[in-house]
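Visitor: Supplied in structure tokens, the structure appears directly below.
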């Protein structure tokens with residue numbers, strides 16, 4: 001397995017539609033950076049958010065998630081309450097090849113402010129908008145800026161295609177469009 005370079009990512013994005021829309025260079029001026037980097041792609045967060053609150057549900061249960069635990073919000077800036085989190089989605093739509101797995105890591109600009117972005121790996125042949133889990137670990141409200149960088153995607157190519165892909169097993173988050181809460 002090898003990590004893929006900017007050349008490979010650019011080729012796959014432009015010829016195979018692996019990332020749409022695709023920014024061919026890193027955009028940095030006046031924003032939290034996004035776009036193609038040396039060995040990855042810095043994806044952006046869209047302006048759709050689901051802000052977690054605990055007013056109506058006393059327990060978070062991934063097997064029986066109560067949709068009332070979220071308040072939907074759309075805007076250029078999202079304020080995450082102290083010690084809370086939001087779900088959001090990427091601006092980019094991803095189509096992962098059968099012999100590729102990705103790992104995502106949060107942007108250092110946010111991490112240095114106590115804002116942690118968690119994204120699970122994109123499995124081979126997964127596609128969709130990425131649902132992002134963005135946590136505010138501080139005792140203060142925290143701002144997230146829509147249409148700016150939120151996490152870096154690293155692409156790893158295997159020496160051979162996998163036997164069973166995410167598409168083959170009909171994964172429950174395949175081709176997700178909006179901010180997607182936990183499904184069972």
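Visitor: Only one residue in 103, 36 is in contact with a helix residue (DSSP H, G or I) (Cβ under 6 Å, 6 or more places away or on another chain), in a strand (DSSP E or B) and at negative phi. Which one?
Guide: Working: 103 fails: in contact with a helix residue (DSSP H, G or I) (Cβ under 6 Å, 6 or more places away or on another chain).
36 is the lone residue from the list that is in contact with a helix residue (DSSP H, G or I) (Cβ under 6 Å, 6 or more places away or on another chain), in a strand (DSSP E or B) and at negative phi.
Visitor: Please indicate, with yes or no, whether at least one residue in region 14-23 is on the phi > 0 side of the Ramachandran plot and in contact (Cβ under 8 Å) with a residue 24 or more places away in the chain.
Guide: As a first pass, look at region 14-23 and keep what is on the phi > 0 side of the Ramachandran plot: 17.
So of that shortlist, the ones also in contact (Cβ under 8 Å) with a residue 24 or more places away in the chain come out as 17.
Checking region 14-23: at least one residue is on the phi > 0 side of the Ramachandran plot and in contact (Cβ under 8 Å) with a residue 24 or more places away in the chain.
Visitor: Now, a different point. Among the residues of region 67-87, are any touching a helix residue (DSSP H, G or I) at 6+ places or on another chain (Cβ under 9 Å) and part of a strand (DSSP E or B)? Reasoning before the result, please.
Guide: First, pick out the residues of region 67-87 that are touching a helix residue (DSSP H, G or I) at 6+ places or on another chain (Cβ under 9 Å): none.
No; the residues of region 67-87 include none that is touching a helix residue (DSSP H, G or I) at 6+ places or on another chain (Cβ under 9 Å) and part of a strand (DSSP E or B).
Visitor: Could we say that residue 27 is modelled with pLDDT of 95 or more, farther than 21 Å from residue 96 by Cβ, crowded, with 16+ Cβ neighbours inside 10 Å and out of contact with any helix residue (DSSP H, G or I) (no Cβ under 8 Å at 6 or more places or on another chain) here?
Guide: yes
Visitor: Next up: Just the residues that are closer than 15 Å to residue 1 by Cα, touching a strand residue (DSSP E or B) at 6+ places or on another chain (Cβ under 8 Å) and outside any strand (DSSP E or B), please, taken from region 149-184.
Guide: Listed by number, the list holds a single entry, 158.
Visitor: If you scan region 108-122, which residues turn out to be surrounded by fewer than 20 Cβ atoms within 10 Å (Cβ to Cβ) and closer than 26 Å to residue 16 by Cβ? I'd like the intermediate steps shown before the answer.
Guide: Of the residues in region 108-122, the ones surrounded by fewer than 20 Cβ atoms within 10 Å (Cβ to Cβ) are 108-109, 111-114, 116, 118, 120-121.
Scanning region 108-122 gives 120, 121.
Visitor: Right, another one. Quick one: residue 43 ticks every box in (1) closer than 19 Å to residue 117 by Cα; (2) buried (at least 16 other Cβ atoms within 10 Å of the Cβ); (3) in contact with a helix residue (DSSP H, G or I) (Cβ under 7 Å, 6 or more places away or on another chain) bar one, so which box is it?
Guide: If we test residue 43 against (1) closer than 19 Å to residue 117 by Cα; (2) buried (at least 16 other Cβ atoms within 10 Å of the Cβ); (3) in contact with a helix residue (DSSP H, G or I) (Cβ under 7 Å, 6 or more places away or on another chain), just (3) comes out false.
The values are calculated or read from the model by the stated rules, or taken from the named source; none is laboratory data. What you are looking at is a predicted structure, and each value in this text was computed from that prediction instead of being measured. Positions of Cβ are generated from backbone atoms using ideal geometry, with glycine treated the same way; all protein chains shown enter the neighbour counts.
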